[in-house]
Amino acid sequence: VPLQERIESPFTPGVPVPQDYFVAREKEVNRLRAAVAQASSGRSKNIFLQGERGIGKTSLAAFACLVAQREFDFVGTICSLGAARTVDEVSSAVFRQLLQHLPEKSLFDKAKEAFDRYIKSIGVLGFRVEFTSEPAQLAHLRLDFIGYLRAFLERVSPPKQGIFLALDDLNGVTGQAEFTLFVKSVVDQIATTQRPWPLVIVLVGVPTRREEMIRSHPSVGRIFDVIELGPFTQTESSEFFETMFAQRGISVEPDALELMVNVSGGLPALMHEVGDAVFSSNADDRVDLRDAKAGVLQAADAVGRKYLDPQVYRALRSDKYRSILRRLGRTPLGAQFSRHEALRSIPSSQQKSFDSFLRRTRELGIICPAETRGRYRFANQLYQLYVRLEAYRALQQPQKGRG
Ligand SMILES: Nc1ncnc2c1ncn2[C@@H]1O[C@H](COP(=O)(O)OP(=O)(O)O)[C@@H](O)[C@H]1O
Ligand SMILES: [Mg+2]
């Protein structure tokens, strides 16, 4: 392995995984492949890809998009709606992204003509386009969304065989009944036209987004097939770490591997954080338990800083919550815990802190009440894993005060 590659971490915390490093998820990839195959025969397909933050939704959508492009000659894009505040913005974002992701200039030129009246400017390099921000114009584009989608499709096919459209980061808009109604009407119109629609629509979001949509429009539950992403299995996690380190000519000792697999709990976001930190702690061609331990502590820091509100981050690291963390660190992933049981294993001097801990973490959405009174669970596994990492840290450095 060349030196440059040996010193550069193969892990990519915080960004969707490059396709060469994409692992596992065979079942989900196959379901998405089947959806594209069905669409390519003219019957459109709607999917809701759901899972917790950091579980790998965007990475999977991007991988499936490549499959659609390479194996089925589709055009495709992952359209992030994180910044969209209105349905008008959603519809212009969709067309802008579709245009920008066309693979050739000739196709781009042909397709963009359908949108000439909405395009404010076109970049000199590449296919960058900016749509108008004029409200009446945008509303028009949205109202005839299906017409424009058809126009786009007809201009690119042939040679293209269909469209793969993923709508990602449904944060702001999905709570709006208007967005749900928009999605539903688009899907309904497509389903009732006589013409073939080689189209795959994938909505990507955390489970609560789908619930919100179903609440404002129950039929959404029927329109979308759900693909639910869960954590990697232990075997998949081990393979992930081994393969990634092997990329750099590094082997991993079994106890080191076990530690990395356990603390990251099958959550790819955390696996990359842990892998990246262990990679930087290791100086030779073999990761041993010491490298792994040092890396895990460093990863806990990174996770806390990146994923938690600064206030919680500080609170969780204070001595006040030390034994609470240790106690909660033992809760199995995804399991509930009860206040009553937790209090039994916490020294009485810290019991008051436990209630303030509960209050604080509930306010911040880290812990939420479970169905049964007096029981709680972590809002997502990443938070729970962070608490585990902090608990692990507290055990490793019991004598040092931190504030
Ligand atoms: N199948 C996979 N193989 C390897 N790494 C992955 C995989 N899926 C996700 N990751 C990594 O996990 C992290 C979170 O993935 P991402 O797709 O952004 O999750 P989400 O969209 O669900 O929040 C990223 O660092 C990404 O590189
Ligand atoms: Mg994502």
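Any residue at all in segment 256-265 that's under 21 Å from Pro16 (Cβ atoms), open to solvent by 10 Å² or more (accessible area, probe 1.4 Å), more than 18 Å from the chain's Cα centre (by Cα) and within 13 Å of ligand 1 (Cβ to nearest atom)? No, segment 256-265 contains no residue that is under 21 Å from Pro16 (Cβ atoms), open to solvent by 10 Å² or more (accessible area, probe 1.4 Å), more than 18 Å from the chain's Cα centre (by Cα) and within 13 Å of ligand 1 (Cβ to nearest atom). Conditions: (1) over 29 Å from Glu178 (Cβ atoms); (2) assigned to a helix (DSSP H, G or I); (3) at pLDDT below 95; (4) not hydroxyl-bearing (Ser, Thr, Tyr). Val17 meets all but one. Number of the miss? Evaluating Val17 over (1) over 29 Å from Glu178 (Cβ atoms); (2) assigned to a helix (DSSP H, G or I); (3) at pLDDT below 95; (4) not hydroxyl-bearing (Ser, Thr, Tyr) leaves (2) as the failure. Note on segment 41-68: among residues that are open to solvent by 20 Å² or more (accessible area, probe 1.4 Å), away from ligand 2 (no atom under 13 Å from the Cβ) and not in a loop (DSSP other than H, G, I, E, B), the one that is nearest to Ile227 (Cα to Cα) is Asn46.
Can you tell me which residues in segment 219-265 are closer than 24 Å to Arg33 by Cα and of a type in the set (Phe, Trp, Tyr)? Phe224, Phe232, Phe240 - these are the residues of segment 219-265 that are closer than 24 Å to Arg33 by Cα and of a type in the set (Phe, Trp, Tyr). Restricting attention to segment 312-353, and to residues there that are among the aliphatic types (A, V, I, L, M) and more than 30 Å from the chain's Cα centre (by Cα), which single residue is nearest to Val263 (Cα to Cα)? Looking at residues that are among the aliphatic types (A, V, I, L, M) and more than 30 Å from the chain's Cα centre (by Cα), I get Ala342.
Scanning segment 85-137 for residues that are touching a helix residue (DSSP H, G or I) at 6+ places or on another chain (Cβ under 9 Å), loosely packed, with under 13 Cβ neighbours inside 10 Å and closer than 30 Å to Lys184 by Cβ yields Glu113, Arg117, Ser133, Glu134, Pro135. The set of residues from segment 69-82 being over 21 Å from Val220 (Cβ atoms) and either outside any helix (DSSP H, G or I) or touching a residue at least 40 places away in the same chain (Cβ under 8 Å) (or both) comprises Gln69, Phe72, Asp73, Phe74, Val75, Gly76, Thr77.
Select from segment 375-401 the residues that are in a loop (DSSP other than H, G, I, E, B) and surrounded by 12 or more Cβ atoms within 10 Å (Cβ to Cβ) and write down the one among them that is modelled with the highest pLDDT. Outline the logic, then answer.
If we filter segment 375-401 for residues that are in a loop (DSSP other than H, G, I, E, B), which is where we start, we get 379-380, 397-401.
Imposing the further condition that a residue be surrounded by 12 or more Cβ atoms within 10 Å (Cβ to Cβ) reduces the set to 379-380.
Working: Ala379: 71, Asn380: 65.
Within segment 375-401, the match that is modelled with the highest pLDDT is Ala379.
Residues in segment 164-183: is at least one touching a strand residue (DSSP E or B) at 6+ places or on another chain (Cβ under 7 Å), of a type outside the set (Gly, Ala, Ser), at negative phi and open to solvent by 50 Å² or more (accessible area, probe 1.4 Å)? For segment 164-183, residues touching a strand residue (DSSP E or B) at 6+ places or on another chain (Cβ under 7 Å), of a type outside the set (Gly, Ala, Ser), at negative phi and open to solvent by 50 Å² or more (accessible area, probe 1.4 Å): absent. For beta carbons closer than 8 Å, sequence separation of 6+ or different chains, a first residue in segment 126-141 that is under 14 Å from Phe95 (Cβ atoms) and a second that is assigned to a helix (DSSP H, G or I) and open to solvent by 50 Å² or more (accessible area, probe 1.4 Å), the qualifying pairs are Phe127/Lys105; Val129/Arg96; Glu130/Arg96; Phe131/Arg96; Gln137/Arg117; Leu138/Glu89.
Within segment 344-357, how many residues turn out to be within 16 Å of Gly329 (Cβ to Cβ) and open to solvent by less than 50 Å² (accessible area, probe 1.4 Å)? Adding up the residues that qualify gives 5. If you check Gly147 against the conditions, is it touching a Lys or Arg at 6+ places or on another chain (Cβ under 6 Å) and surrounded by fewer than 19 Cβ atoms within 10 Å (Cβ to Cβ)? No; evaluated as a whole, the condition is false for this residue. Scanning segment 13-36 for residues that are open to solvent by 40 Å² or more (accessible area, probe 1.4 Å), among the aliphatic types (A, V, I, L, M) and more than 7 Å from ligand 1 (Cβ to nearest atom) returns a single hit, Ala34.
The single condition from (1) at pLDDT below 95; (2) within 16 Å of ligand 1 (Cβ to nearest atom); (3) within 21 Å of the chain's Cα centre (by Cα) that Arg85 fails is (2).
Can you confirm whether Gly230 is of a type in the set (Gly, Ala, Ser), touching an Asp or Glu at 6+ places or on another chain (Cβ under 8 Å) and either open to solvent by 50 Å² or more (accessible area, probe 1.4 Å) or within 16 Å of ligand 1 (Cβ to nearest atom) (or both)? Spelling it out, it is not the case that Gly230 is of a type in the set (Gly, Ala, Ser), touching an Asp or Glu at 6+ places or on another chain (Cβ under 8 Å) and either open to solvent by 50 Å² or more (accessible area, probe 1.4 Å) or within 16 Å of ligand 1 (Cβ to nearest atom) (or both).
Of all residues in segment 185-225, those satisfying the criterion of being open to solvent by less than 50 Å² (accessible area, probe 1.4 Å), within 16 Å of ligand 2 (Cβ to nearest atom) and either out of contact with any Asp or Glu (no Cβ under 9 Å at 6 or more places or on another chain) or not hydrophobic (A, V, I, L, M, F, W, C) (or both) are Gly205, Pro207, Arg210.
The residues in segment 6-36 that are β-branched (Val, Ile, Thr) and within 16 Å of ligand 2 (Cβ to nearest atom) can be counted, and the count is 3.
The values are calculated or read from the model by the stated rules, or taken from the named source; none is laboratory data. None of the values given here were measured: they were computed from a predicted structure. Here Cβ is always computed from backbone atoms with ideal geometry, including for glycine, and neighbour counts include all displayed protein chains. Each accessible area value is taken on the protein alone, full model and side chains, heavy atoms only, with ligands, DNA and RNA left out. Shrake-Rupley method; radii C 1.70, N 1.55, O 1.52, S 1.80 Å.
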